[in-house]
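Comments concern the structure below.
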Amino acid sequence: MNEAGAEATMLPFEEIGGAPAVRALVERFYDLMDGDDRFAALRAIHAPDLTPMRQSLVGFLTAWLGGPRDWFEINAGTCIMSAHRQLGFGAVETAQWLQAMGQALAESGIPADLASRMNDAFERMGHAMQAG
């Protein structure tokens, strides 16, 4: 297979840069959420210690992007949408989540085409996570 063909079949997990890039994206996202007042409502629905959430999102995104599926095996039957609805994820939190994730994607050096596709998917997911 030629190099162009290899790129066409590359998994998003590989395209993003693997586990280190996923971790960097998640760390940037939670750093923004934790330290930027623009995301105060989003931060308020989370526990004081974001460490478990950081680890969970790394695992979820790794699997979602086509990497190792450990998160889905460990959390079998868990619906990420329902879990966020239970947090009280509403329109304000959705908007803040999308803004923080969009900024994290832009600042993490992720290829623009992949970042755009991820943003599109995150927008659909964000609205599906809303309570009520």
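The values are calculated or read from the model by the stated rules, or taken from the named source; none is laboratory data. Only a predicted model underlies this, so the values are computations on that prediction, with no experimental measurement involved. Here the Cβ positions follow ideal geometry from the backbone for every residue, glycine too, while neighbour counts run over all protein chains shown.
Descriptive notes on the structure:
- So residue 70, is it free of Cβ contacts under 8 Å to residues at least 60 places away in the same chain, surrounded by fewer than 16 Cβ atoms within 10 Å (Cβ to Cβ) and either among the acidic types (Asp, Glu) or closer than 16 Å to residue 130 by Cα (or both): yes
- Residue in the stretch 7-28 that is modelled with the lowest pLDDT, counting only those that are farther than 29 Å from residue 43 by Cα and not hydrophobic (A, V, I, L, M, F, W, C): 7
- Test result for residue 35, under 23 Å from residue 117 (Cβ atoms) and among the small types (Gly, Ala, Ser): no
- Residues of the stretch 85-117 that are assigned to a helix (DSSP H, G or I) and closer than 15 Å to residue 24 by Cα: 100, 101, 102, 103, 104, 105, 106, 107, 115.
- Some residue of the stretch 52-70 being at pLDDT 95 or above and β-branched (Val, Ile, Thr): yes
- All of (1) in a helix (DSSP H, G or I); (2) modelled with pLDDT under 95 hold for residue 76 with one exception: (1).
- Any hit, the stretch 15-34, residues being surrounded by 20 or more Cβ atoms within 10 Å (Cβ to Cβ) and in a loop (DSSP other than H, G, I, E, B): no
Yes/no matrix, rows are residues, columns are (1) within 21 Å of residue 127 (Cβ to Cβ); (2) touching a Leu at 6+ places or on another chain (Cβ under 9 Å):
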position: 49; (1), (2): no, no
position: 58; (1), (2): no, yes
position: 66; (1), (2): no, yes
position: 82; (1), (2): yes, no
position: 88; (1), (2): yes, no
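- The stretch 40-51, subset modelled with pLDDT of 95 or more and not in a helix (DSSP H, G or I), residue surrounded by the fewest Cβ atoms within 10 Å (Cβ to Cβ): 48
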